[in-house]
Structure formats: C-alpha cells, structure tokens
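The values are calculated or read from the model by the stated rules, or taken from the named source; none is laboratory data. Note that this is a predicted model, so its numbers are computed, not measured. We place every Cβ from the backbone using ideal geometry, glycine too, and count neighbours over all the protein chains shown. Ligands, DNA and RNA are excluded from the accessible area calculation, which covers all protein heavy atoms including side chains. Shrake-Rupley method; radii C 1.70, N 1.55, O 1.52, S 1.80 Å.
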Amino acid sequence: MRSPRPSLVPAALGCLLLLTGCGGGGFSDSEGSQASQSEGGQVTVRMLVNITPNLTQAYWDGLVKPFEQANPGIDVKVEAPTGKGVADTLPQQLAAGNAPDVVETLMADETLAKQMLDLSDQPWAKDTPLAQEAALGGRIYTVGVGVQAQSLVFYNKSAFDKAGIDKPPATFEELEAAMGKLKAAGWLPLQTGGDFLTGLQLLQLTNPSRAQQYPTWHQDIKAGKLKAGESMLPYLERYQTWIDKGYVDKNALGLKYADAETAFLSGKSAMYVMGSWFTAAESKAEKDFEIGVFPAPVAKGQQYPGPQGATMAAPYMILKSTPNKDAAVKLVQWLVTDPEAVKSQLKQDGNFRTGVEREFTPLERQVQEILDAAPSGVPQGEGYGDATLPKGFGAAWNTEIQGLYVGKSPKEVAEGVDRWVDGRS
C-alpha cells in the first residue's frame, strides 16, 4: 500500500514556486531528443514512482513490461526516489534540469500544475476516477487508477454481537449508543492513536456529515466565507465527550499508528476508523474474529450513506517539459485504462474502482459495495483540485485535535485551527 497517510502533498513541494520560471525544468528539445533515444532508436520514458513494501521496484518493472512488449519503440525506465520520497525528489530533479517524463504519487496543485501537461483534450482522461474532482480551473492534470475510500468504520463483529448491537450505526446518536453498550460489555469502543492518526480519523469520520452541511467546505474556507475550526466545533464538542466517557483511550497519543492498528486487529478494541488500505493489513492478520465495515455515520436527518471521503489512488502526471509527449501520454493512458494494468495496480495496493472486478477478500468486497452505494465522493484532508486548503492543514489540524487530550477545550482547538488557516490565507 501507499504509506498510511492523510493523503496530503508534503510541504516540500512549496519550493517549486521558485522553479516555475526556470525554463520548464527539463531538457531543451534538442537535448531531450538525444538524451531519450537509445542507439536502437527507442524512445525512453522516465517514470518517477513511489516505492513501498507493496509497490517494489520489481513490481513496477513487471507492471510496465506488457506495455513495452506492445510498444517495441518505447522503453520505460522506472525510477525510485533519490530523496525521502517522490515529493522530495521531484523538486530536486526540476532544479537540476533532470525532470522525469511521468511522475506517480503526487496530485496537481496550483504550483505543480504549471509544470504539468494539460490532459483535458484527452478523451480517456475525463472518465478516470476523480479526474473531474481533482481538476484545477476545469483543466485535468492528474489521472489515477482508482479510489481510496476514506470514511470507513471497521468493526469487530464478535464485539458487536456480545454487546447486543444488531446493526451498524447510521447516525452519530446511534454510534454513541453503540459505544456505550460496547464499553459496558468491556470493550474499548473506538481505537485511535497518536502520530497523524488522531486528526485524520476525525476528518474521515465526519466527512459524510460535513459534506452535506457544507458541500463546498474547502472552497468556502479558501474564499474566507467559512471558518474551518468554527464549522467543525460541534464535532469537536462531541469528540470531547467520547474522551471524557472513555469511548477512546485517554492515553491514546502515546500509541503509534502501527500499534493502534495491531491493537484493533488483535481484538482489543471494537471499532477503527481508517481508509480502505486497511483491508490489505486485515487480509494478512491472524485473528479469531470477523471484521466488518460500514460507512461513517451522519447527523440525524441527513442522507445515509452520505458522501464518501475519497482520494485518488495511483495518480499520474506528465511533465510539460517532456521531449517525448506522445510516448508519455500513451504510457499513462495505458496505466489508467488498460484492464489488466488497472486490476494489477488495484490489487497490489488495496485500492478500488467502480465497475472493475478483481479478486476481493470478503472485507474488500464490502468496501467496494460502500463505494458503489455512495452518492458522491468528498475530498479528504487538505483536498485536491479547486477544493484545496493551505498546505500543512492536515498536520496543523492533527496538532490541535491532540490538544483535546491534554486539556484544551473544543472552542480553544477550533480557534487554534482558524488562527492557523487565517495566517496562511
């Protein structure tokens, strides 16, 4: 899977602001044609990708092999990051005038878009997952393979049975009633932890409800029409009661992300809010109980299920400076539309795409059904496309949310969030 995360583009990309006037950050046309041609006349397309325990160098090389076989004039050179990751490596390569042709993992923002090829004229691009939602000013720069569902509540079915809960809760009121029963039955109702987990989970959990109350939440905050913290205050107040009642561990901040996941998988807690990539960890875990999943609840009177928090899985962009535009476009089109290439990537990294059937674990099939039933998708965290908050919002939000565990009031947390946003608007 991609590294467990709130799916945010790291702040290191801010340095690209300094690069947008540097002649495109790539080869000149004459240099590019020479540098990208082998002696046999093949065009070499360089692709910078994310390397993880799932997405290994060997996996990437094997993924593009059928494309190379079908296109003998194109050689795909898969490149691993030389820095801490893709977000760290790309700015370095742009500054050195050695940018790749294709980059995977990142999504276009107002800065990156200046360096990327506009794919709006490509008919196939419009129908890729979340392409329209991630567009900037109506222009498509990023296309992806699938979707990561974000607003999911995984639950221990044995715990629910023993606590006398016969169906998953659909509203926050039903969720709190369920947590009360679970605590009375001896379970920690909701698993959380430190690191980035605390703030991420609250955003994931509240996405479907918040999206119905504020359909253009990100845009309204960016335009100064709405305050992020103030609009989330009712959820902060509700969350504070969960801490006070012991529905979440009051000492959760000392628990690392991986340890929180392990605690849930070992049966120490009853519910765990997380993105769809959790299904990969669940499929490998040895346990004596069954895990189910349901869409995050909504406020009383709202539509259920609500909009599903969603992020693009395996996003690709093409550098505008590429001397091999046709070959790069052909490669990216194949990566996000070829049935076998799509299925391979979805399976390898635990991602989903409506209308695409692949081998599912029982839990994965439930997630796909949730995605299929969702009325729409809602940007997660800092967002994407035109629905984007200032960079670093996720980390700042997380820091403020953790303040609830050390004595800050919900109002103080909301005010802290708004001060941070106002200082970067």
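Summary of values
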read-out: Complete set of residues in region 93-125 that are part of a loop (DSSP other than H, G, I, E, B) and under 14 Å from the mean Cα position of the chain (by Cα); value: 105, 106, 107, 108
read-out: Residues within region 217-253 that are in a helix (DSSP H, G or I), at pLDDT 95 or above and of a type outside the set (S, T, N, Q), tallied; value: 21
read-out: Pair list, Cβ under 8 Å, 6 or more apart: region 145-165 residue without any contact (Cβ under 8 Å) to a residue 40 or more places away in the chain and of a type in the set (A, V, I, L, M, F, W, C), other residue buried (at least 24 other Cβ atoms within 10 Å of the Cβ) and not in a strand (DSSP E or B); value: 165/178; 165/182
read-out: Extreme residue, nearest to residue 319 (Cα to Cα), among residues of region 71-106 that are small (Gly, Ala, Ser) and surrounded by fewer than 23 Cβ atoms within 10 Å (Cβ to Cβ); value: 97
read-out: Number of positions in region 277-308 that are assigned to a loop (DSSP other than H, G, I, E, B) and open to solvent by less than 20 Å² (accessible area, probe 1.4 Å); value: 5
read-out: Every residue from region 388-416 that is closer than 16 Å to residue 240 by Cα and among the β-branched types (Val, Ile, Thr); value: 399, 401, 406, 413
read-out: Region 369-393 residues that are under 16 Å from residue 206 (Cα atoms) and open to solvent by 40 Å² or more (accessible area, probe 1.4 Å), paired with ones that are in a loop (DSSP other than H, G, I, E, B) and not small (Gly, Ala, Ser) (beta carbon under 7 Å, 6 or more apart); value: 375/303; 375/307; 376/307
read-out: Residue match in region 35-42 (condition: in contact with a Lys or Arg (Cβ under 9 Å, 6 or more places away or on another chain) and modelled with pLDDT of 95 or more); value: no
read-out: Subset of region 218-230 that is open to solvent by less than 60 Å² (accessible area, probe 1.4 Å) and out of contact with any helix residue (DSSP H, G or I) (no Cβ under 7 Å at 6 or more places or on another chain) - its residue that is farthest from residue 199 (Cα to Cα); value: 220
read-out: Qualifying residue in region 266-276 (condition: buried (at least 20 other Cβ atoms within 10 Å of the Cβ) and part of a helix (DSSP H, G or I)); value: no
read-out: Residue count, region 323-339 (criterion: open to solvent by 20 Å² or more (accessible area, probe 1.4 Å) and touching a helix residue (DSSP H, G or I) at 6+ places or on another chain (Cβ under 7 Å)); value: 4
read-out: Looking only at region 200-216, and only at residues there that are assigned to a helix (DSSP H, G or I) and of a type in the set (Ser, Thr, Tyr), the one that is nearest to residue 190 (Cα to Cα); value: 206
read-out: Count of region 126-181 residues which are among the charged types (D, E, K, R) and in a strand (DSSP E or B); value: 1
